[in-house]
Ligand code: CUA
């Protein structure tokens with residue numbers, strides 16, 4: 001076989017791979033509605049504990065089947081540590097950190113954010129299956145990092 005044949009084959013392979021990657025990206029962003037967690041606002045970490053809505057962390061209903069969970073991350077706990085929602089609830093997590101960078105990952109879901117002091121992170125997820133979903137900090141944040149956990153209970 002001539003060298004050019006190999007070159008053409010590798011070029012074609014590159015083209016096919018690139019096209020496949022773009023199609024996957026298009027399908028996951030438009031078809032599956034997967035987006036990066038949104039940075040929606042800024043908040044002063046020094047006064048975040050007295051700034052709404054973070055002065056009252058917790059779950060509130062914002063519509064039929066729709067909830068907002070306001071969560072404050074701090075060394076080394078989430079406030080609140082546990083939330084309970086009914087099956088099918090669409091929950092918007094609005095969260096930030098009061099001190100250092102923390103992670104916010106709910107196991108078994110695609111909720112995965114960073115909690116950055118000064119920034120408000122937001123992500124929405126619909127819990128279609130009942131169960132206990134572990135919430136963990138997945139950014140190393142100091143001595144108590146491995147104990148920084150919480151729970152979303154869907155019943
Ligand atoms: Cu908070 Cu690791």
Would you be able to say whether some residue in segment 108-125 is without any contact (Cβ under 8 Å) to a residue 12 or more places away in the chain and near the ligand (Cβ under 9 Å from one of its atoms)? no
Does residue 135 satisfy the criteria of being within 15 Å of the ligand (Cβ to nearest atom) and within 26 Å of residue 33 (Cα to Cα)? yes
(1) over 23 Å from residue 54 (Cα atoms); (2) within 17 Å of the chain's Cα centre (by Cα); (3) within 15 Å of the ligand (Cβ to nearest atom): which one isn't true of residue 143, the others all being true? (2)
For segment 26-48, enumerate the residues that are more than 19 Å from the chain's Cα centre (by Cα), in contact (Cβ under 8 Å) with a residue 12 or more places away in the chain and loosely packed, with under 14 Cβ neighbours inside 10 Å. 44
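Where a number appears in this text, it was derived from the coordinates with a stated rule and is not lab data. All values reported here derive from a predicted model rather than from experimental measurement. Methodologically, a virtual Cβ is constructed for each residue, glycine included, from the backbone with ideal geometry; neighbour enumeration extends over all protein chains shown.
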